[in-house]
Amino acid sequence: MYNDLKGKVAVVTGGSKGIGNAIARRLSEEKMKVVINYHSDKEGAEETVAELKKIGGEAVAVQADVSSEEGIQTLLDAAISNFGELDLWINNAGMENQVPTHELTLEDWNKVIDVNLTGVFLGSKAALNHFLEHDKKGNIINLSSVHERIPWPTFAHYSASKAGVKGFNETIALEYAHKGIRVNSIAPGAINTPINAEKFEDEKQKAATLKMIPLDYIGKPEEVAAAAAWLASDESSYVTGITLFVDGGMSLYPSFEKGEG
Ligand code: NAD
């Protein structure tokens, strides 16, 4: 538990399922008040809110598209109108689809960039303005990916979006550090969430993924949420501009594991 989080207000984008949902739950356990954003999964978000309220949590489900300024404003307004404040903004919403790059349409490229990169920009901008206006040492956390570093053939738009998040994360961390605002990224490896459900149902694909994970298992959303809670808390007070890899060692070049070659 991080006592300094108690009573503070967070927005978590894409929080109806997967990693965002685990983060929203963890922050609620830390006694934060949470705006849980969803895009289309109203049921998932509302069920989560109902469950959290039952155990004394304060949360609200809010529909919004993070790739639009309107959507982001709706989320900020929800934090202020429901909880009177904003302390933490988590840019978690993301999407991916697999297409060989020579067949990738401009429409698919734009969709992924709009959500994964523009969404991070718009969310961060809204949070930064709020923090600056209220002279607040706020906190921003971005969900990147190991693919901000590791190339991922047939996911060029996804990799480009996450590499963009890295540059954006480091730049705004530097730009606003003097205001006491901290900005960090988390780079998950392979985590068991709906984004990967189809892939991990296929035993062959799952085995191929496991070969790339030195710790030998697919990660749990709660393991990413634990990293988010730490970055949100004062326990990480001297940390800004980093990407925290939560990947079971996936980014350690596992093909070199046996010292061969
Ligand atoms: P997920 O598909 O389970 O959840 C993503 C969420 O984002 C969904 O709730 C979805 O509705 C939401 N979303 C998509 N477009 C949106 C939009 N326009 N506006 C608002 N919400 C939108 O995926 P996840 O695995 O939980 O991924 C969460 C984040 O972590 C993503 O940014 C993803 O790229 C990143 N990530 C995940 C993994 C993994 O293995 N699961 C690995 C690396 C990075």
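I'm trying to understand the selection: among the residues of region 221-239, which are open to solvent by 40 Å² or more (accessible area, probe 1.4 Å) and outside any helix (DSSP H, G or I)?
Of everything in region 221-239, those that are open to solvent by 40 Å² or more (accessible area, probe 1.4 Å) and outside any helix (DSSP H, G or I) turn out to be S237, Y238.
Here's a check for you: in region 16-35, which residue that is near the ligand (Cβ under 10 Å from one of its atoms) and over 13 Å from N142 (Cα atoms) is most open to solvent (accessible area, probe 1.4 Å)?
My answer is K17.
Would you say V60 is within 13 Å of the ligand (Cβ to nearest atom) and not aromatic (F, W, Y)? Can you show your working first?
Working: within 13 Å of the ligand (Cβ to nearest atom): no; not aromatic (F, W, Y): yes.
No.
What are the residues in region 194-206 that are more than 10 Å from the ligand (Cβ to nearest atom) and in a helix (DSSP H, G or I), if any?
First, the residues of region 194-206 that are more than 10 Å from the ligand (Cβ to nearest atom): 198, 201-206.
Within region 194-206, E198, E201, E203, K204, Q205, K206 meet the criteria.
Which residue pairs have Cβ atoms under 8 Å apart, sit 6 or more places apart or on different chains, and have a first residue in region 137-163 that is at positive phi and a second that is part of a loop (DSSP other than H, G, I, E, B) and of a type in the set (V, I, T)?
Listed pairs, sorted by first residue: T154/V99.
Give region 24-59 a look and list any residue that's within 19 Å of I186 (Cβ to Cβ) and in contact with a Gly (Cβ under 7 Å, 6 or more places away or on another chain), or say none.
Hits for region 24-59 are A24, S28, I36, N37.
Of the numbered conditions (1) outside any loop (DSSP other than H, G, I, E, B); (2) open to solvent by 10 Å² or more (accessible area, probe 1.4 Å); (3) within 17 Å of D234 (Cα to Cα), M1 fails exactly one; give the number of that condition.
Result: M1 fails condition (1) only.
Under 9 Å between Cβ atoms, at least 6 apart or on separate chains: pull out the pairs that start in region 167-187 with a residue that is free of Cβ contacts under 8 Å to residues at least 12 places away in the same chain and end on any residue that is of a type in the set (S, T, Y) and within 16 Å of the ligand (Cβ to nearest atom).
Matching pairs, first to second residue: none at all.
Take region 132-183 and flag every residue that is more than 16 Å from the ligand (Cβ to nearest atom), of a type in the set (D, E, K, R) and crowded, with 17+ Cβ neighbours inside 10 Å.
E170, R182
Could you tell me whether any residue of region 108-125 is more than 16 Å from the ligand (Cβ to nearest atom), at pLDDT 95 or above, surrounded by 16 or more Cβ atoms within 10 Å (Cβ to Cβ) and more than 23 Å from V224 (Cα to Cα)?
No, region 108-125 contains no residue that is more than 16 Å from the ligand (Cβ to nearest atom), at pLDDT 95 or above, surrounded by 16 or more Cβ atoms within 10 Å (Cβ to Cβ) and more than 23 Å from V224 (Cα to Cα).
Pairs please, first residue from region 30-45 and within 13 Å of V66 (Cα to Cα) and touching a residue at least 12 places away in the same chain (Cβ under 8 Å), second anywhere and open to solvent by less than 10 Å² (accessible area, probe 1.4 Å) and among the aromatic types (F, W, Y), Cβ atoms under 6 Å, 6+ apart in sequence or on different chains.
Every condition considered, no pair remains.
Quick one: which of I191, I242, I218 is away from the ligand (no atom under 15 Å from the Cβ) and buried (at least 16 other Cβ atoms within 10 Å of the Cβ)?
I242
The values are calculated or read from the model by the stated rules, or taken from the named source; none is laboratory data. Source: prediction; values computed, not measured. A quick note on method: Cβ atoms are made from the backbone with ideal geometry, for glycine too, and the neighbour counts reach across all protein chains shown. Accessible surface is based on the protein model in full, side chains and every heavy atom, while ligands, DNA and RNA are left aside. Shrake-Rupley method; radii C 1.70, N 1.55, O 1.52, S 1.80 Å.
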